[in-house]
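Trainee: The structure is given below, and queries will be raised subsequently.
Readers should treat all values here as calculations from the given coordinates under stated rules, not as data from a laboratory. Predicted model, so just to flag it, every value in this text is computed and none were measured. Quick reminder, even Gly has a Cβ in these numbers, built from the backbone with ideal geometry, and neighbours come from all protein chains shown.
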Amino acid sequence: MSYVGIVLISHSPKIVEGTKDLIRQVIKEVPIEIAGGTDDGAIGTNVEMVQQAIERANDGEGVSVFYDIGSAKMNAEMAIEMIGEEDVKLMGAPLVEGSYVAAVESGMGKDVQRITAALANEFG
Amino acid sequence: MSYVGIVLISHSPKIVEGTKDLIRQVIKEVPIEIAGGTDDGAIGTNVEMVQQAIERANDGEGVSVFYDIGSAKMNAEMAIEMIGEEDVKLMGAPLVEGSYVAAVESGMGKDVQRITAALANEFG
Amino acid sequence: MELDVQDIVAWIEKSNENIQANKEYLTTLDQEIGDGDHGINMARGFQEAAAKIAEQTYTSSADVLKDTAMTLMSKVGGASGPLFGTAFLKLSTAANGMDPISYETFTNGLEEAVNGLKQRGKATEGEKTLVDVWSQMMNYFKHETDFHAETIAEKAKKAMEDTKDMMATKGRAAYFKERSVGSIDPGSASSFYIFQALADIVERRA
Amino acid sequence: MELDVQDIVAWIEKSNENIQANKEYLTTLDQEIGDGDHGINMARGFQEAAAKIAEQTYTSSADVLKDTAMTLMSKVGGASGPLFGTAFLKLSTAANGMDPISYETFTNGLEEAVNGLKQRGKATEGEKTLVDVWSQMMNYFKHETDFHAETIAEKAKKAMEDTKDMMATKGRAAYFKERSVGSIDPGSASSFYIFQALADIVERRA
Ligand SMILES: Nc1ncnc2c1ncn2[C@@H]1O[C@H](COP(=O)(O)OP(=O)(O)O)[C@@H](O)[C@H]1O
Ligand SMILES: Nc1ncnc2c1ncn2[C@@H]1O[C@H](COP(=O)(O)OP(=O)(O)O)[C@@H](O)[C@H]1O
Ligand SMILES: [Mg+2]
Ligand SMILES: [Mg+2]
Ligand SMILES: [Mg+2]
Ligand SMILES: [Mg+2]
């Protein structure tokens, strides 16, 4: 069975590594890919790293993409446009709290639309 | 000058280390203390570590306390009750996104009440 | 029947034994609807509590219960830490200056523990948490007039099993929504082992 | 006047020189109302863009602008990466098949760049972002009929300075609210250096 993938984007590599650890304790099967920091490991984001993370996370069921602040969102939007697939969705929910909910939902076999709805319901 | 301190509590040490890095890029003067993981470094939270972090972060101006999920909140509440100071406040805002806002506000000299109001305004 | 300091010490020791013996099972339950650490958390917490108590000679049950509470709070590492910590702290407060502990004192302690648990967890009955076991036990204790080993164990088991059909609305399991139905709540299972240990102590005394 | 491929190459090179020379200053601006990395970000991005362009012989301005855009997007690392990347990508699209680039083509490119920046940043004029410089430059270009080195540089400087009194409502600076008033927007300062470089190229050609 395939699951909706989760992509975590942060200015800090540690934030997304830790968030992945937190989710992995609970959810094993769902693809989780991270893009943290710039390509030289500094605080920032990198559109290519985001794009690659999204591609790796997509098992055919689409991807829910989470980001931390400002420019991560811009890079995420740009990567999603470049990929141009309908079921890759950027989530406005908080990075840590939101991705945890999404991973549990995905693990229950929910599709991208239902995950998005669950997040909207939880985080408004 | 003293500032309202920020305490970051997470099940994962990495999440709070990374969040602190992210804030420190922008805000240097505000006390930021972290309590991530259990006392043996596993995923979880520890009430004593939280309590100590709050005490370290308090320069006399109070503390805004952030947590990631469920049980971190309970440990935070317990630590805050044990400390029993009026101006140590638990924030319902998202850990990464919320603490960033709070740190900027604190750096501008805002007090705990105004930081809490700014967060309520931003994150509802 | 009354419980003296040695009975309370024995209660904590026996609780620890039960939890160590069922560590894997508790973890399995938490893997189904949580993060799979409940067995590890409880085993660590009770191991430390039992060790702490073994170090000292106590003259007051309240002190035994308080040391247990403080150790659980700081050592468990999950939601169950502050929760069981709160329950034992409330039992300690009720027991303060009341040695040996009468049935009535113990029942009062249980009532305070349930209030404390509800407040700490922002939970009420029917939310598939350990509150369901502690609350049912309090009701049972209030209904009886003395400790009865067999029915204490039976009631606790039943209360734990009742959580199986509930849907979780608090804690980690709540993320699983409908999927949480069909599994026993891990914290309720640990609570059962604690009451089962109490039943053993009562039986030994009788 | 028209700009040929070599002028566009020289424009990117000169932009890079300006940004390297003002790296510290850009960082200082970003320290005041941001995270203090704008100088580093832009210096890294333009260094890589200039290096990439130096490697090759171009026959189309659109290719020069596109390589610049792609390099900025992936190498800058902050909000300004996707933004300047978008601006140069739009200039590239407008220049496609239009060598040498007429004043009109360049003006069309600027118009597309402003639209792209607004869309990417969800920003409009007056929000204390680089949109303020690019938008004012577009208006100025639409109002004129040919490249004038001196006024291009003057207008860009003025547009940059106008951001000083604005309150930021987009990007990192928005977190500082009223405190953001009184500083020049870092991205607007970089934008000024880019237009200043353009003015230099125009002057050299004249
Ligand atoms: N808000 C709450 N109120 C009451 N009990 C709770 C609450 N959250 C969790 N629990 C109890 O804690 C148990 C889980 O404990 P544990 O696995 O040790 O912690 P965590 O969920 O942090 O990993 C649950 O089975 C439940 O009985
Ligand atoms: N949403 C936005 N819309 C338009 N411009 C923006 C936006 N966010 C940031 N900027 C521009 O980007 C500049 C900051 O760039 P930089 O410091 O490199 O990125 P970051 O803010 O990610 O550290 C700002 O000075 C501003 O001109
Ligand atoms: Mg657990
Ligand atoms: Mg846990
Ligand atoms: Mg910056
Ligand atoms: Mg930055």
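Trainee: In percent, what relative contact order does chain C have, based on Cα pairs under 8 Å that are 6 or more apart in sequence?
Mentor: Numbers: 384 pairs, mean separation 48.0, N = 206.
Normalised by residue count, the contact order of chain C is 23 percent.
Trainee: By Cβ position, which chain A residue lies least far from the axis that rotates chain A onto chain B, and what is the distance to the nearest whole angstrom?
Mentor: A:94, 2
Trainee: Using a label point 7 Å beyond Cα on the Cα-Cβ vector, give me the inter-copy distances for residue D:24 in nanometres, one decimal, shortest first.
Mentor: Going from nearest to farthest copy, the values are 6.7 nm.
Trainee: Smallest Cβ-to-axis distance in chain D, for the rotation taking D to C: which residue, how many Å?
Mentor: For chain D, the closest residue to the axis carrying it onto C is D:175, 15.
Trainee: Same structure, new question: Per 10 Å bin from zero, what fraction in whole % of the C-alpha pairs of region B:1-49 is there, up to the bin with the longest pair?
Mentor: The calculated distribution, bin by bin, is 28, 47, 23, 2.
Trainee: Find the relative contact order for region A:39-80 and round it to a whole percent, using C-alpha pairs within less than 8 Å whose residues are 6+ positions apart. Mind dumping the intermediate values first?
Mentor: Values: 25 pairs, mean separation 21.1, N = 42.
Taking the mean separation of contacting Cα pairs over the length of region A:39-80, I get 50 percent.
Trainee: Here's another thing I want to ask about it. Take the Cα atoms of the protein assembly as shown, build their convex hull, and give its volume per residue in Å³.
Mentor: Working: hull volume 97.6 nm³, N = 660.
Measuring per residue, one finds 148 Å³ for the Cα hull of the protein assembly as shown.
Trainee: Can I ask one more? Between residue C:177 and residue D:2, take the C-beta separation as r, use R0 = 51 Å, and let me know the FRET efficiency to the nearest 0.05. Could the numbers behind the result be given before it?
Mentor: On the way: r = 65 Å, r/R0 = 1.27.
Taking R0 as 51 Å, the efficiency between residue C:177 and residue D:2 is 0.20.
Trainee: Mind pulling the angle between the C-alpha long axis of helix D:186-205 and the longest principal axis of chain D? Nearest 10 degrees, somewhere in 0 to 90.
Mentor: Taking the Cα atoms of chain D, the angle to D:186-205 is about 20 degrees.
Trainee: Calculated FRET efficiency, residue A:86 and residue A:120, Cβ-Cβ r, R0 22 Å, to nearest 0.05? Before the final figure, lay out each step's value.
Mentor: Details: r = 18 Å, r/R0 = 0.82.
Step by step, r from the Cβ atoms, then E = 0.75.
Trainee: I would also like to ask the following. Students often get this wrong, so check it: of B:110/D:157; D:52/D:118; B:89/C:142; A:14/D:14; C:23/C:66, which have C-alpha atoms separated by over 31 Å? Mind dumping the intermediate values first?
Mentor: On the way: B:110/D:157 34 Å; D:52/D:118 27 Å; B:89/C:142 38 Å; A:14/D:14 37 Å; C:23/C:66 24 Å.
Result: B:110/D:157; B:89/C:142; A:14/D:14 exceed 31 Å.
Trainee: Along the charge dipole of chain D, Cβ charges K/R +1 and D/E -1, which of D:16, D:64, D:114 sits furthest on the positive end?
Mentor: Farthest towards the positive pole: D:114.
Trainee: Then there's this: Pick from D:51, D:153, D:189: which residue has the top mean-square fluctuation in a GNM of chain D where Cα pairs under 10 Å get a spring?
Mentor: Greatest mean-square fluctuation among the candidates belongs to D:51.
Trainee: Tell me, how many Å apart are the Cα centres for region B:1-63 and for region C:81-97?
Mentor: 28 Å
Trainee: As a test of the definition: which semi-axes, in Å, follow for region C:5-205 when you take the square root of five times each eigenvalue of its alpha carbon gyration tensor? Largest first, please.
Mentor: On the way: eigenvalues 128, 67, 44 Å².
Ellipsoid half-lengths, sorted descending, are 25, 18, 15 Å.
Trainee: Restricting to Cα pairs below 8 Å that are 6+ residues apart, what does the relative contact order work out to for chain B? Please round to a whole percent.
Mentor: For chain B, the relative contact order is 31 percent.
Trainee: Something else about it: For residue B:39, place a label point 7 Å from Cα along the Cα-to-Cβ direction in every copy; what are the distances to the other copies, in nm, shortest first?
Mentor: Label-point separations across copies, in nm and ascending: 4.6.
Trainee: Explain nothing, just the number: dipole magnitude of chain D about its Cα centre with +1 on each Lys and Arg Cβ and -1 on each Asp and Glu Cβ, in debye rounded to the nearest 20. Kindly include the intermediate steps, with their values, before the conclusion.
Mentor: On the way: 22 positive and 32 negative charges, 140 e Å.
Dipole of chain D, to the nearest 20 debye: 680 debye.
Trainee: Which distances, in nm and shortest first, link the residue D:161 label point to the same label point in every other copy, taking 7 Å along Cα→Cβ?
Mentor: Computed spacing set for this position: 8.5 nm.
Trainee: Against the longest alpha carbon principal axis of chain B, how many degrees, from 0 to 90 and to the nearest 10, is the axis of helix B:13-24 turned?
Mentor: For helix B:13-24, the angle is close to 10 degrees.
Trainee: What is the projected area of the convex hull of the Cα atoms of chain B, averaged over all directions, in nm²? Can you show the working numbers first?
Mentor: Values: hull surface 25.8 nm².
Averaging across all directions leaves 6.5 nm² for the Cα convex hull.
Trainee: By how many degrees, between 0 and 90 and to the nearest 10, does the Cα long axis of helix D:80-95 differ from the longest principal axis of chain D?
Mentor: So the helix axis and the longest Cα principal axis differ by about 30 degrees.
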